[in-house]
Amino acid sequence: MLAAAVVEIQIGFPVGSDGGGGGFTIGCGALWLGFRLGLLEVRCIKGGKAEWRSRETMGSRMMQQQGVVMAASSGSGVAIKGNDSECDGQESSFYVTNSMAEKKPELFELKNGSMQIKVSNYGCTITSLSVPDKDGNRADVVLGFDSLEPYQKGAAPFFGCIVGRVANRIKDGKFTLDGVGYTLPINKPPNSLHGGFKGFDKVVWDVVEHKQGDNPSITFKYHSHDGEEGYPGDVSVTATYTLTASTTLRLEMEAIPENKPTPISLAQHTYWNLAGHNSGNILDHSIQIHALHVTPVDQNTIPTGEIMPVKGTAFDFTSEKKIGSSIHQVGLGYDHNYVLDCGDEKMGLRHAAKVRDPSSSRVLNLWTNAPGMQFYTGNYVNGVVGKGGSAYGKHSGLCLETQGFPNAINQPNFPSVVVKPGERYKHSMLFEFSVE
């Protein structure tokens, strides 16, 4: 039997912080910590010398320390002493620090003289994006709020954020993978939507890098733990926004499963209004979508599994046309996944869509490597008070959510969204703004 060393674990967080100030039970020689933990740094102290032991993001996972013999709580945190068999039998201390209390939503800026974007580490959310019109006048063309508080309070219907672990709907919040059944939160009855009640849009990401210069960029990182919102396996996720040219924004999203196969399909959920966020509805915008097919849906907005040609239907945007010309034929409005199967290609990306506003002459061309795109016309936006007191109503913005197909995890004929350990999920989006 290995010699056991005395171990002291200190979890430093103020009472009332995200850590909750305590809340644990002891039993059977193990300690379970039920509060939410952030970035854990574990160091083994031997002979006065600190040796690096491990570092990981825990999210809301439980942490178990074997052989605990004593625990005490104080206003500054929890100190735990126990036995450890992994420190060569020497006296040691583990210091576990919680950075969740320190991690707070912040706003960052990228600008290059022609274009300005504000983005938050809360959900990787684009809160504003300003580009010039035909006369050189810049306007903010994304729906959002003046401060981060409304985003945190849930006032935003996914304004500007990155959604995941799986974007869009999963039927009945259930799927089976490798013979194991999984149940997800039903946050949009009767389905699970955009990752659940607390998806990637509702967490604070780490800021890995923020660069200025001719091509300013910012990189966010998040560790999604095994069981988070019902999904299997730990996943490391990064998202990088870069201004690659005077009026071009590139988004690179990557995710790596660490220990289990898991479905991954991220989407950027900005609501665009090229006339300006406060200019009314987007029904006069015209759009061309490079898709010959859509995936039709049932009464609960779940794809039926059919891949339907758009020719001769209200879903046909293969030639540019005004959004308002046929929206009355599709119920509340467009909220459908288009199969991106006919666009030109450049730099490994496929042309997904072109949007034009006649009043400002602003144009947005979107390129991606994703197989599908949810075209959504803000059908459920109703009386949201946004930036500058602007009232956002139905159809105040449009979303171009490039993605894996909705409910693909339950549709074997759709492109798979399952990513295995050792594989890397990569999703690129290129937003090119211009005037015509």
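Here, each number is a calculation from the coordinates, and none is a lab measurement. In this text, all values refer to a predicted model and were calculated from it rather than measured experimentally. Neighbour counts run over all protein chains shown; Cβ positions are idealised from the backbone, glycine included.
For L107 and K311, the FRET efficiency from 1/(1 + (r/R0)^6), where r spans their Cβ atoms and R0 equals 60 Å, is about 0.85.
Annotation: amide H-H contacts under 5 Å for L177 (H modelled 1.01 Å from N, sequence separation of 5 or more, or interchain): Y182.
Once you list every other residue whose beta carbon is under 15 Å from the beta carbon of H269, what net charge do they have if Lys and Arg are +1 and Asp and Glu are -1?
Numbers: positive: R165, R169, K188, K202; negative: D201, D335, E401.
Net local charge, H269 excluded: +1.
Less than 11 Å Cβ to Cβ from H293, Lys/Arg counted +1 and Asp/Glu -1: what total charge do the surrounding residues give? All intermediate terms of the calculation are to be shown ahead of the outcome.
Values: positive: K311; negative: E306, D316, D341.
With Lys, Arg at +1 and Asp, Glu at -1, the neighbours total -2.
What is the list of residues in region 362-401 whose amide nitrogen lies under 19 Å from a point 7 angstrom out from the Cα of K426, following Cα to Cβ? Once the point is set 7 Å along Cα→Cβ of K426, 367-372 turn out to lie under 19 Å by backbone N, inside region 362-401.
Remark: the L332-V385 segment gains 17.0 nm on full extension, using 0.36 nm per residue and subtracting the alpha carbon distance. Extent along the principal axes, Cα only, for region 107-435: 59, 48, 40 Å, with the longest axis given first. Look at the alpha carbon pairs under 8 Å that are at least 6 residues apart: their mean separation over the length of region 107-435 gives a relative contact order of 19 percent.
Ranked for footprinting exposure by Cβ neighbours inside 10 Å, fewest first, K103, K311 give K311, K103.
Taking label positions 7 Å along the Cα-Cβ direction at both N300 and Q116, the computed distance is 4.6 nm, reported to one decimal.
For the cross-link pairs K118/K188; K153/K198; K321/K387, the ones whose C-alpha atoms lie over 18 Å apart are K118/K188; K321/K387. Each part gets one Cα centre, and for region 129-156 versus region 313-357 those centres are 23 Å apart.
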